Each structure stands twice: as structure tokens, then as C-alpha cells.
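Take this structure first; my questions come after.
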Amino acid sequence: MSLLKVSGLGKSFGGVRAVDGVHFELAPGELLALIGPNGAGKSTTFNMVNGQLRADSGSILLDGHELIGKTPREIWRLGVSRTFQIAETFASLTVVENVQMALLSADRKLFAMWRRAADHQRERALALLDQVSMKAQADRPCSVLAYGDVKRVELAIAMANDPKLLLMDEPTAGMAPKERNNLMALTKELVLDRGMAVLFTEHSMDVVFAYADRMIVLARGRLIAEGQPLAVRDDPKVQEVYFGSGKTFEKAV
Ligand code: ADP
Ligand code: MG
């Protein structure tokens, strides 16, 4: 039984068909990688699922409920989360305060009240930080953390609404290979612990092959392949997109 069922999804910007008839399903506890060259429509697809962009056509069902037409906030409350970069304005807050902010938002508390209400959320925030091995650094300002640790805090924040589905658009961008693997291993743990589904984009094929249960490939807005990562790599249509210049698949992506 799928958690997310996307069908006939379409979005144009002026004359450009950014996403054109995309369809895929995602089951609880599944890590699905979305890959494709720059401009393939990956971010546009993400932003239609999270409600930032409204689809022109098609359907996005979460547990059978249509998401198209709902606001980002409504979709988030239904259990679709995404990783955000911690804004510079919040970097001066401590690690635990950043997570508390997200919890308050999940509980519909007023932003202005957060300092008073924050005390009540501290234990829950610490529990979330524990899941990403950041509890020991809870009272340090985010601004002093190592990059890989900031990414862990961002993941804890994304867990604040106890999501059924987590969207990660290029989560490992700018990370060294070891940090990438650490972040994806942690994501995989959260998937297994919570039965959460994850849709992510990734440029490193090593990461995709190591962590994705399945992958889908977009090219010029269309879905050209879907399946087990190693089988997809050998699909002639995928080879054509990535091998045009004679480069190897790994190097081209
Ligand atoms: P990807 O994330 O796979 O690199 P995008 O979804 O960002 O691709 O973009 C798909 C296509 O849609 C590209 O041709 C891009 O230029 C275009 N596009 C994306 N967002 C906009 C926008 N807000 N306005 C106009 N064109 C856009
Ligand atoms: Mg993108």
C-alpha cells in the first residue's frame, strides 16, 4: 500500500514544460532517490508535493487525500516535512532552541510567545536531538557547529511534526564524502525507526547506490526510468541521458 501516489503531474513555466506527466509511488519506510540532469524538474516536483508550487495537472495523493490545492502549512500538518537550511537569523540561537522553535510551530503556538512556551518543549526537543546524536551539543549556538552537525540539527527540525514523508532536495550538497555517508546513514536509521518515507535528490551516485531502495530518473520533465538503482543505471534510456558525452554514469551525474 503506497503512502504517496503521484500521477500525471505537470507544471509549465511560460513555454517550458518543467514537469510533464510524472508518476511514481512511495511506500512507508522507503527511501526513493530522484535523479536527473540539471533542469530535469526535480525541484519543481518536490515543490508541488510540499505545496510551494501548484501543479497544473495531475494528482498527488497522500494516504488517499489530494494534496493539490492545499497550502504548504496544511500539507506539513498532514505529515509531509522537508529539510530547511537553518536561517542565518536563527544561527545565534542554540541547537535546542532551534528545535524548540520548530516544535512550537508544529503545535500552532504563536511565534511571539515562543520564549515563554519554549520551556515546555525542551524535553521533546532534546529527545529529537538525541535521535540525531546532537543532544550533547544542545546548548551550543548553531553558528559554532561543524557543517555536518548543522545538517543533523536540520534533520531533527524536520522531524518536529513527526512526518510520514520527508522531502530532501540535495541534502548532501556541499558535504565531503564521509559527511554525506554519515547523514544518509542517519536518515536511513530514522526511516527504519519511524517507518517514514523519504524522497531525496542526490548528485553522488555512490550515495544513491548505497542508500536508496529505489530510484526514478527525470529528463526534461519526463520520467524516463524507475527501479532498483543498479538496474536503472544499466537502462539504455538512462545511459543515453548520461552517456551522451561518452562520460561514465558516475562522472556525469
Ligand atoms: P532540477 O531541480 O531538476 O534542476 P528544476 O525543477 O529546478 O530542475 O527546473 C526545471 C525547469 O523549470 C528548468 O528548465 C527551469 O529553468 C524551469 N524553472 C524552474 N523553476 C522556475 C521558475 N520559478 N520560473 C521559471 N522557470 C522555472
Ligand atoms: Mg533542483
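Would you check if there is a residue in region 42-51 being more than 9 Å from ligand 1 (Cβ to nearest atom), surrounded by 23 or more Cβ atoms within 10 Å (Cβ to Cβ) and within 16 Å of residue 168 (Cα to Cα)?
yes
When the residues of region 80-113 are filtered to those that are at pLDDT 80 or above and of a type in the set (Gly, Ala, Ser), which remaining residue is nearest to the chain's Cα centre (by Cα)?
81
Turning to a different aspect of this structure: With a cut-off of at least 2 residues that are among the hydroxyl-bearing types (Ser, Thr, Tyr) and on the phi > 0 side of the Ramachandran plot, name the strands (runs of 3 or more DSSP E) lying wholly within region 151-219.
In region 151-219, no matching strands (runs of 3 or more DSSP E) lie anywhere.
Yes/no per residue for (1) at pLDDT 90 or above; (2) under 12 Å from residue 186 (Cβ atoms):
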{"position": "121", "(1), (2)": "no, no"}
{"position": "126", "(1), (2)": "yes, no"}
{"position": "131", "(1), (2)": "yes, yes"}
{"position": "138", "(1), (2)": "yes, no"}
{"position": "152", "(1), (2)": "yes, yes"}
{"position": "155", "(1), (2)": "yes, yes"}
{"position": "163", "(1), (2)": "yes, no"}
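Being within 7 Å of ligand 1 (Cβ to nearest atom) and either closer than 15 Å to residue 167 by Cβ or assigned to a strand (DSSP E or B) (or both): is that true of residue 33 here?
No; evaluated as a whole, the condition is false for this residue.
Same structure, new question: Among the residues of region 220-236, count how many are part of a helix (DSSP H, G or I) and within 15 Å of ligand 1 (Cβ to nearest atom).
Residues that pass the stated criteria total 0.
Can you say whether residue 66 is more than 16 Å from ligand 1 (Cβ to nearest atom) and in contact (Cβ under 8 Å) with a residue 24 or more places away in the chain, as far as the supplied structure shows?
The answer is no for residue 66.
Another one. Look at region 40-52 and say how many of its residues are under 16 Å from the mean Cα position of the chain (by Cα), in contact (Cβ under 8 Å) with a residue 12 or more places away in the chain, within 16 Å of ligand 2 (Cβ to nearest atom) and over 17 Å from residue 7 (Cβ atoms).
Looking only at that region, the number is 4.
Another one. Listed residues 62, 3; which is in contact with a Pro (Cβ under 8 Å, 6 or more places away or on another chain), away from ligand 2 (no atom under 16 Å from the Cβ) and under 29 Å from residue 210 (Cα atoms)?
Just a single option satisfies the conditions, and that option is 3.
Any residue in region 72-100 that is open to solvent by less than 50 Å² (accessible area, probe 1.4 Å) sitting within a Cβ distance under 7 Å of a residue that is among the β-branched types (Val, Ile, Thr) and in a loop (DSSP other than H, G, I, E, B)? List the pairs, counting only those 6 or more apart or interchain.
98/86
Within region 130-146, can one find any residue that is on the phi > 0 side of the Ramachandran plot and more than 16 Å from ligand 2 (Cβ to nearest atom)?
Yes, because at least one residue in region 130-146 is on the phi > 0 side of the Ramachandran plot and more than 16 Å from ligand 2 (Cβ to nearest atom).
Any chance you could count how many residues in region 65-77 are modelled with pLDDT of 95 or more and not aliphatic (A, V, I, L, M)?
The qualifying residues number 4.
Hey, another quick one. Kindly check whether there is at least one residue in region 56-71 that is in a loop (DSSP other than H, G, I, E, B) and closer than 22 Å to residue 151 by Cα.
No, every residue in region 56-71 fails to be in a loop (DSSP other than H, G, I, E, B) and closer than 22 Å to residue 151 by Cα.
What residue, among those in region 24-39 that are at pLDDT below 95 and surrounded by 19 or more Cβ atoms within 10 Å (Cβ to Cβ), is farthest from ligand 2 (Cβ to nearest atom)?
Once the filter is applied, the top-ranked residue is 35.
The values are calculated or read from the model by the stated rules, or taken from the named source; none is laboratory data. Being a predicted model, the structure only gives us computed values, none of them experimental. Note that each Cβ is placed from the backbone with ideal geometry, even for glycine, and that neighbours are counted across all protein chains shown. Note: accessible area is taken over every heavy atom of the protein model, side chains too, but ligands, DNA and RNA are not part of it. Shrake-Rupley method; radii C 1.70, N 1.55, O 1.52, S 1.80 Å.
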